[in-house]
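Participant: Got a structure for you, written out below as structure tokens; questions coming shortly.
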């Protein structure tokens with residue numbers, strides 16, 4: 001198979017899309033064999049080139065932990081493909097639906113049909129997984145897909161584009177590279193569906209661009225994901241799991257805990273437990289290969305700016321590895337806890353997307369939930385407790401896209417759970433069957449029976465109609 005060069009100008013981008021849409025119109029419902037073959041090709045591509053892709057990602061970051069790339073990108077990609085291949089026949093099967101008594105013996109069903117040519121805009125923080133996971137859903141649903149990779153990960157984008165071009169026809173799956181101008185043009189194409197993963201402000205721009213063509217969108221955004229430690233939680237374990245969720249990929253994860261609500265008086269205990277975690281997991285954090293760098297200078301400056309502002313406005317900045325300093329040259333920013341933060345600080349308004357962790361005390365659970373509920377709906381929420389009644393209370397009286405109880409991040413790895421946000425943290429769902437549905441037309445089909453009484457309900461409306469309508473409206 002062959003594919004066009006991934007680097008393209010605006011005209012060639014549109015030409016590539018037009019060819020893909022025409023091909024999709026010519027193959028309205030690919031067979032299960034075709035879909036399985038495409039998924040198998042994607043699986044083989046990733047398996048055979050994992051080392052090269054991991055190297056490209058690390059190069060884009062300055063340094064990215066190879067272990068984390070394998071765990072957080074290749075493993076969930078493999079699981080997503082395996083889930084789709086294992087369940088595809090069942091997903092494609094029409095779903096029978098109930099027919100009202102008055103219309104029997106007719107039948108009804110929902111058929112799943114590919115939408116056609118879909119677009120995927122992938123971010124930089126997990127450039128492989130967040131391109132592949134929606135691509136798996138799109139291919140399983142029988143679509144053709146055009147993928148826009150982030151300009152912040154150019155080496156990864158270039159390699160992935162070359163691999164896709166070698167293994168797929170360019171009207172089947174195609175990857176494009178380019179800057180923000182190309183991304184804007186990409187979002188304006190009349191896709192049959194567009195999935196974007198990224199920040200809330202950029203998500204608003206994508207939605208505005210897509211609205212010109214009435215393109216349906218799935219927006220996987222972010223926000224400030226809270227973690228609440230309950231009074232009966234296994235405290236040491238809760239701190240460890242929060243810090244794991246915060247330090248993976250140096251906090252550059254949309255579902256990373258953004259701040260922690262801890263019972264008042266336990267702040268110092270949290271700090272000591274966090275320092276113990278850092279000593280165990282990152283004993284030489286300045287040099288260890290398992291701790292990742294910040295993606296680029298702009299984001300490094302943004303994060304250190306949060307710290308400087310918070311300190312200037314009265315917050316206490318607590319180092320988890322005392323005496324260690326951040327390295328501007330390698331963009332390695334060590335994890336910090338911020339105490340005494342307030343609403344006037346940017347770190348409490350912006351999505352942090354880095355290894356900074358504000359710690360806020362609360363008096364009782366109602367106050368903690370009120371704090372969360374007074375802010376934009378988060379993509380994820382984490383609650384730690386052993387009391388089942390309080391767990392249920394938090395689940396019922398807070399609103400978040402997803403919740404993990406007594407851990408962090410792990411909900412995103414469950415292919416049978418829909419993933420997505422609510423309000424400013426996103427719209428729409430994917431993963432597993434929900435992803436298949438997102439990229440499918442759910443076509444309602446009503447089949448009239450050979451013998452039907454519906455003919456009694458037609459003009460002229462006489463005495464028989466009056467008797468029947470009285471029965472219907474009784």
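The values are calculated or read from the model by the stated rules, or taken from the named source; none is laboratory data. The structure presented is a predicted model; accordingly, all values stated were derived computationally and were not measured. Quick reminder, even Gly has a Cβ in these numbers, built from the backbone with ideal geometry, and neighbours come from all protein chains shown.
Participant: Within region 243-255, is even one residue buried (at least 22 other Cβ atoms within 10 Å of the Cβ), in contact (Cβ under 8 Å) with a residue 40 or more places away in the chain and more than 20 Å from the chain's Cα centre (by Cα)?
Facilitator: Yes; the residues of region 243-255 include at least one that is buried (at least 22 other Cβ atoms within 10 Å of the Cβ), in contact (Cβ under 8 Å) with a residue 40 or more places away in the chain and more than 20 Å from the chain's Cα centre (by Cα).
Participant: Being in the same structural domain as residue 116 (by TED's automatic domain parsing) and either out of contact with any helix residue (DSSP H, G or I) (no Cβ under 6 Å at 6 or more places or on another chain) or modelled with pLDDT of 95 or more (or both) narrows it down to one of 198, 251, so name that one. It would help to see each step written out before you state the result.
Facilitator: Details: 251 fails: in the same structural domain as residue 116 (by TED's automatic domain parsing).
Sole residue among the options that is in the same structural domain as residue 116 (by TED's automatic domain parsing) and either out of contact with any helix residue (DSSP H, G or I) (no Cβ under 6 Å at 6 or more places or on another chain) or modelled with pLDDT of 95 or more (or both): 198.
Participant: For region 288-342, which residues satisfy the criterion of being within 16 Å of residue 271 (Cα to Cα), exposed (fewer than 14 other Cβ atoms within 10 Å of the Cβ) and touching a residue at least 40 places away in the same chain (Cβ under 8 Å)?
Facilitator: 322
Participant: I need every pair where a residue in region 273-284 that is without any contact (Cβ under 8 Å) to a residue 60 or more places away in the chain has its Cβ under 6 Å from the Cβ of a residue that is surrounded by 20 or more Cβ atoms within 10 Å (Cβ to Cβ), sequence separation at least 6 or different chains.
Facilitator: Once the first residue is without any contact (Cβ under 8 Å) to a residue 60 or more places away in the chain and sits in region 273-284, its partners that are surrounded by 20 or more Cβ atoms within 10 Å (Cβ to Cβ) give 273/239; 275/320; 277/243; 278/320; 282/291.
Participant: Moving on. Does residue 110 satisfy the criteria of being under 23 Å from the mean Cα position of the chain (by Cα) and touching a residue at least 40 places away in the same chain (Cβ under 8 Å)?
Facilitator: Against the criterion (under 23 Å from the mean Cα position of the chain (by Cα) and touching a residue at least 40 places away in the same chain (Cβ under 8 Å)), residue 110 does not qualify.
Participant: If you don't mind, another one. Condition first: closer than 27 Å to residue 188 by Cα, assigned to a loop (DSSP other than H, G, I, E, B), touching a strand residue (DSSP E or B) at 6+ places or on another chain (Cβ under 7 Å) and in contact (Cβ under 8 Å) with a residue 12 or more places away in the chain. Can you find one or more residues in region 6-18 that meet it?
Facilitator: yes
Participant: Oh, and also: I'd like to know if region 440-457 contains one or more residues that are within 27 Å of residue 192 (Cα to Cα), in the same structural domain as residue 113 (by TED's automatic domain parsing), in contact (Cβ under 8 Å) with a residue 24 or more places away in the chain and assigned to a loop (DSSP other than H, G, I, E, B).
Facilitator: No - not one qualifying residue is present in region 440-457.
Participant: Test of understanding: among 134, 201, 123, which residue is assigned to a helix (DSSP H, G or I), surrounded by fewer than 24 Cβ atoms within 10 Å (Cβ to Cβ) and within 16 Å of the chain's Cα centre (by Cα)?
Facilitator: Every option except 201 fails the conditions.
Participant: Residue 210 passes all but one of (1) in contact with a strand residue (DSSP E or B) (Cβ under 6 Å, 6 or more places away or on another chain); (2) buried (at least 23 other Cβ atoms within 10 Å of the Cβ); which number fails?
Facilitator: (2)
Participant: Given the options 172, 177, name the one that is at pLDDT below 95, touching a helix residue (DSSP H, G or I) at 6+ places or on another chain (Cβ under 8 Å) and in the same structural domain as residue 65 (by TED's automatic domain parsing).
Facilitator: One residue alone meets the criteria, 177.
Participant: May I pose another question? Determine which member of the set 397, 414 is touching a residue at least 24 places away in the same chain (Cβ under 8 Å) and surrounded by fewer than 17 Cβ atoms within 10 Å (Cβ to Cβ). Don't jump to the end; show me each part of the working.
Facilitator: Details: 414 fails: touching a residue at least 24 places away in the same chain (Cβ under 8 Å).
Unique residue meeting the criteria: 397.
Participant: Here's a follow-up. For region 429-439, enumerate the residues that are out of contact with any helix residue (DSSP H, G or I) (no Cβ under 6 Å at 6 or more places or on another chain) and assigned to a loop (DSSP other than H, G, I, E, B).
Facilitator: Of everything in region 429-439, those that are out of contact with any helix residue (DSSP H, G or I) (no Cβ under 6 Å at 6 or more places or on another chain) and assigned to a loop (DSSP other than H, G, I, E, B) turn out to be 429, 431.
Participant: Still on this structure, I have one more. Could you go through region 68-82 and let me know if any residue there is touching a strand residue (DSSP E or B) at 6+ places or on another chain (Cβ under 9 Å) and surrounded by fewer than 15 Cβ atoms within 10 Å (Cβ to Cβ).
Facilitator: Within region 68-82, not a single residue is touching a strand residue (DSSP E or B) at 6+ places or on another chain (Cβ under 9 Å) and surrounded by fewer than 15 Cβ atoms within 10 Å (Cβ to Cβ).
Participant: Moving on to the next point. Tell me the helices (runs of 4 or more DSSP H) entirely within region 20-72 that contain at least 2 residues that are over 17 Å from residue 154 (Cα atoms) and under 23 Å from the mean Cα position of the chain (by Cα).
Facilitator: 32-48, 66-69
Participant: Just the residues that are closer than 25 Å to residue 27 by Cβ, in contact with a strand residue (DSSP E or B) (Cβ under 7 Å, 6 or more places away or on another chain) and part of a loop (DSSP other than H, G, I, E, B), please, taken from region 83-115.
Facilitator: 94, 115
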